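Undergrad: One structure, pasted below without further comment.
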Amino acid sequence: MFAPIVIIWLVSIFSIGLYNIIFWNPKIVRAISPYYIIKFFRETGKDGWFSLGGILLSVTGTEAMFADLGHFTALSIRLAFAFVVYPCLVVQYMGQAAFLSRNPQKVLNSFYDSIPGPVFWPIFVIATLATIVGSQAIITATFSLIKQCHALGCFPRVKVVHTSKHIRGQIYIPEINWILMILTLAITIGFRSTTLIGNAYGLACITVMFITTFLMALVVTFVWQKSVLLAAMFLVFFWFSEGVYLSSALMKVPQGGWVPLVLSVIFMLVMYIWHYGTRKKYNFDLHNKVSLKWLLGLGPSLGIVRVPGIGLIYSELATGVPAIFSHFVTNLPAFHKVLVFVCVKSVPVPYVSPEERFLIGRVCPRPYRMYRCIVRYGYKDIQRDDGDFEDQLIQSIAEFIQMEAGDAQFCSSESSSYDGRLAVISSRTIQSSSSLIVTEREDCDGIESIQSSKSLMLQSLRSAYPDDENPGVRRRHVRFEVAASPGMDTGVREELMDLIEAKEAGVAYI
């Protein structure tokens, strides 16, 4: 419903603006000339400069239409703004100016007063709906920003709910939603004035523009590889115009403008403290890694009983064994036969292709059955630790085992250099591999029990939720078998068999 609402809203304000121009003062079109703004400042002086903070509000709000920038192409944004949003806004404001030139006493509520009586209530309804759409765009944009900050290690972990199975990036964060609601109500109840709220909003928007211009100059220089002179010209030109507005908006800090500054400081402190603590934790793990010589001294059994199963040990370390592993070995009587140290890394790109997702390596010599897997995600990728992830991981490790056996460089290396050598295992390579035979089947055992159940509640639940979304109804199972290849090395076959047996025994997340 969002797109039709916004389109109806834009067409409505365009029509009203055009009507007011024709009815009240057609000569208002001359206001496009820059002569009148020069005349305005010459006559008003300091008061005119001070009013720029209010004039700024005529452009704030348009950015809400493009809050989810990552969901649209640059071309679609340019077309929408140049041919729809911008003309509608200009004509509407021109219409208000034409109305006020004949009715100056109605300046306090010029928009609604300029609406012709017969269409007032329909416009009022569509305005309310458009406000909801605008606020929703800001809310979803906040979710996206928080998720990206978290991926870059700059925000505490929050629950991210993916609301669509088919469309990327549609997420919901309950904690952030509650915070936004509380802050919105607090500001509304605390200020009780649209003027004060407008001052806060205007300062927030112009500050964002000011900072974005600086960041854009960096993009021009380092991403587009243009000359520093061009970036400096860009910066000076836009900073001059934005700086005039910013200086006016800063005068409104005592009248409500302090709110975005206080919120910015609070969130910056939260982000800085989280990033600082995360780095300290990572550095501790980095400098207290388990010695590879100590692990080799324990032998393949690690001095404990190795039971069937796969243990996925999560760590921030891309190399080395985390210090916590020594506590497992010295305090637990048994551990899994196959161990995989999993390191999830968020890289500063939007998406990582499946072909570059997994980096697989070996931690100790082959008899230890210890591997390392670095899983790379972009900050817009959906991270899932489900059955598909496990199956892809097993296939990647199996492909690595076979590739390692046929690679003279891997085989000739000394055991002391095992940790740190990684190989990219792509999904294309896995599909062309002959080391494993992969068979899939769907377990439908749960369907009969639900269908035969006399419980109306269970039957209604089954009808309400499709089978593929109900884990109790249908499950996808993947079975692995070692291909019958006469030329396969005995050690490789034995390692693959151990891997498959461990997968069948179960996977534990540690």
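Undergrad: How many residues are open to solvent by less than 70 Å² (accessible area, probe 1.4 Å) and within 14 Å of residue 95 (Cβ to Cβ) when one looks only at segment 15-37?
TA: As a first pass, look at segment 15-37 and keep what is open to solvent by less than 70 Å² (accessible area, probe 1.4 Å): 15-17, 20-21, 25, 28, 31, 33.
Then keep just the ones that are within 14 Å of residue 95 (Cβ to Cβ); that gives 15-17, 20-21, 25, 28, 31.
Matching residues across segment 15-37 total 8.
Undergrad: When only residues in segment 38-49 that are assigned to a helix (DSSP H, G or I) and open to solvent by less than 80 Å² (accessible area, probe 1.4 Å) count, which is nearest to residue 96 (Cα to Cα)? Can you show your working first?
TA: First pass over segment 38-49, keeping only residues assigned to a helix (DSSP H, G or I): 38-44, 46-49.
Within this subset, residues satisfying the condition of being open to solvent by less than 80 Å² (accessible area, probe 1.4 Å) are 39-41, 44, 48-49.
Working: 39: 20, 40: 18, 41: 20, 44: 21, 48: 19, 49: 21 Å.
Of everything passing the filter in segment 38-49, 40 is nearest to residue 96 (Cα to Cα).
Undergrad: Shifting gears a bit: When only residues in segment 213-230 that are of a type outside the set (A, V, I, L, M, F, W, C) and surrounded by 13 or more Cβ atoms within 10 Å (Cβ to Cβ) count, which is farthest from residue 55 (Cα to Cα)? Let's see the steps before the verdict.
TA: Step one: list which residues in segment 213-230 are of a type outside the set (A, V, I, L, M, F, W, C), which gives 213, 221, 225-227.
Cutting the leftovers down to surrounded by 13 or more Cβ atoms within 10 Å (Cβ to Cβ) gives us 213, 221, 226.
Values: 213: 20, 221: 32, 226: 34 Å.
Within segment 213-230, the match that is farthest from residue 55 (Cα to Cα) is 226.
Undergrad: Exactly one of (1) touching a Gly at 6+ places or on another chain (Cβ under 9 Å); (2) without any contact (Cβ under 8 Å) to a residue 60 or more places away in the chain is unmet by residue 144. Its number?
TA: For residue 144, the failing item is (2).
Undergrad: Quick test of your reading of the structure: residue 293 fulfils all but one of (1) under 27 Å from residue 494 (Cα atoms); (2) part of a loop (DSSP other than H, G, I, E, B). Name the failing condition by number.
TA: All conditions pass for residue 293, except number (2).
Undergrad: Just name the residue that is surrounded by the most Cβ atoms within 10 Å (Cβ to Cβ) out of those in segment 368-392 that are closer than 23 Å to residue 481 by Cβ and touching a residue at least 60 places away in the same chain (Cβ under 8 Å).
TA: Here is the first cut: in segment 368-392, the residues closer than 23 Å to residue 481 by Cβ are 369, 371, 373, 386-392.
Now drop any that are not touching a residue at least 60 places away in the same chain (Cβ under 8 Å), which leaves 369, 387, 390-391.
On the way: 369: 22, 387: 13, 390: 16, 391: 18.
So, considering only residues that are closer than 23 Å to residue 481 by Cβ and touching a residue at least 60 places away in the same chain (Cβ under 8 Å), the one surrounded by the most Cβ atoms within 10 Å (Cβ to Cβ) is 369.
Undergrad: Might you let me know whether segment 74-82 holds any residue that is in a helix (DSSP H, G or I), within 24 Å of residue 247 (Cβ to Cβ) and of a type outside the set (Ser, Thr, Tyr)?
TA: First pass over segment 74-82, keeping only residues in a helix (DSSP H, G or I): 74-82.
Next cut, within 24 Å of residue 247 (Cβ to Cβ) only: none.
No, there is no match, as no residue in segment 74-82 is in a helix (DSSP H, G or I), within 24 Å of residue 247 (Cβ to Cβ) and of a type outside the set (Ser, Thr, Tyr).
Undergrad: I'd like the full set of residues that are open to solvent by 50 Å² or more (accessible area, probe 1.4 Å), hydroxyl-bearing (Ser, Thr, Tyr) and assigned to a helix (DSSP H, G or I), limited to segment 304-344.
TA: 330
Undergrad: Also, I was wondering about something else. May I ask you to list the residues in segment 176-208 that are open to solvent by 80 Å² or more (accessible area, probe 1.4 Å) and not polar (S, T, N, Q)?
TA: 178, 181, 182, 185, 189, 192, 201, 208
Undergrad: Taking residue 145 as the residue in question, decide whether it is at pLDDT 90 or above and part of a helix (DSSP H, G or I). Don't jump to the end; show me each part of the working.
TA: Values: at pLDDT 90 or above: no; part of a helix (DSSP H, G or I): yes.
For residue 145, the condition - at pLDDT 90 or above and part of a helix (DSSP H, G or I) - is not met.
Undergrad: Listed residues 151, 137; which is open to solvent by less than 60 Å² (accessible area, probe 1.4 Å), under 28 Å from residue 380 (Cβ atoms), small (Gly, Ala, Ser) and out of contact with any helix residue (DSSP H, G or I) (no Cβ under 8 Å at 6 or more places or on another chain)?
TA: Details: 137 fails: out of contact with any helix residue (DSSP H, G or I) (no Cβ under 8 Å at 6 or more places or on another chain).
Criteria check complete, one pass: 151.
Per-residue answers, yes or no, for (1) in the same structural domain as residue 198 (by the TED database); (2) under 15 Å from residue 9 (Cβ atoms); (3) open to solvent by 40 Å² or more (accessible area, probe 1.4 Å):
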site	(1), (2), (3)
90	no, no, yes
98	no, no, no
101	no, no, yes
110	no, no, no
122	no, yes, yes
125	no, yes, yes
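Undergrad: Is it the case that some residue within segment 319-342 is at positive phi and more than 34 Å from the chain's Cα centre (by Cα)? It would help to see each step written out before you state the result.
TA: So in segment 319-342, the residues at positive phi come out as 320.
Filter once more, so that each one left must be more than 34 Å from the chain's Cα centre (by Cα): none.
No, because not a single residue in segment 319-342 is at positive phi and more than 34 Å from the chain's Cα centre (by Cα).
Undergrad: Need the failing condition index for residue 303 against (1) free of Cβ contacts under 8 Å to residues at least 60 places away in the same chain; (2) over 23 Å from residue 505 (Cα atoms), just the number.
TA: So residue 303 meets the others, but not (2).
The values are calculated or read from the model by the stated rules, or taken from the named source; none is laboratory data. Note that the structure is predicted; figures quoted are calculated from it, not measured. Positions of Cβ are backbone-derived with ideal geometry, glycine not excepted, and every protein chain shown enters the neighbour counts. We work out accessible area using only protein heavy atoms, side chains counted, and drop any ligands, DNA or RNA first. Shrake-Rupley method; radii C 1.70, N 1.55, O 1.52, S 1.80 Å.
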